[in-house]
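The values are calculated or read from the model by the stated rules, or taken from the named source; none is laboratory data. Predicted model, so just to flag it, every value in this text is computed and none were measured. Don't worry about glycine lacking a Cβ; one is built from the backbone with ideal geometry, like all the others, and counts go over all protein chains shown.
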Amino acid sequence: MEETLRFDTSSQMVLRVTRTPLEIHGQAIPEGGRVLLLIGSANRDGTVFPDPDRYDLDRDTSRLVSFGSGRHFCMGAPLARLEARIGLGELVERVASYDIDPDGIERVHSTNVRGLAAIPTSVKLR
């Protein structure tokens with residue numbers, strides 16, 4: 001679950017406004033300055049996640065930022081993880097095999113959110 005969130009997180013960026021002046025990596029940001037946090041890029045940072053473009057289920061994802069961090073951590077994250085685990089568990093329990101038509105896959109077109117609008121799938125039930 002966590003590596004999937006790192007590899008292709010649904011929210012790619014969030015905008016924040018500074019409440020006080022601050023400096024990040026030598027760059028001064030005034031009070032009221034807008035900062036665009038690129039979550040998708042942070043989760044592919046090679047200094048944090050070695051070989052970041054490889055999908056690795058054994059990877060240490062403890063520094064994942066898909067749901068934010070600190071006081072900006074998503075309150076719905078535990079529910080989202082639970083829903084995904086239940087859904088995947090039901091899929092494994094009920095579906096013997098599946099096939100995806102790659103030509104029919106359609107991505108959601110949004111500047112902020114990644115996801116699928118369509119993923120044509122045929123399934124063989126257990």
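Tabulated data
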item: The listed residue being in a helix (DSSP H, G or I) and either β-branched (V, I, T) or touching a Lys or Arg at 6+ places or on another chain (Cβ under 6 Å) (or both), out of V92, V123; result: V92
item: Residues of the range 82-126 satisfying the condition of being under 29 Å from L15 (Cβ atoms), modelled with pLDDT of 95 or more and among the charged types (D, E, K, R); result: E83, E106
item: Selection within the range 45-80 - charged (D, E, K, R) and outside any loop (DSSP other than H, G, I, E, B); result: R71
item: Contacts under 7 angstrom Cβ, first residue in the range 52-81 being free of Cβ contacts under 8 Å to residues at least 60 places away in the same chain, partner exposed (fewer than 11 other Cβ atoms within 10 Å of the Cβ), 6 or more apart; result: P52/G46
item: Subset tally (residues that are closer than 15 Å to T4 by Cβ and either of a type in the set (D, E) or surrounded by 12 or more Cβ atoms within 10 Å (Cβ to Cβ) (or both)) for the range 83-96; result: 3
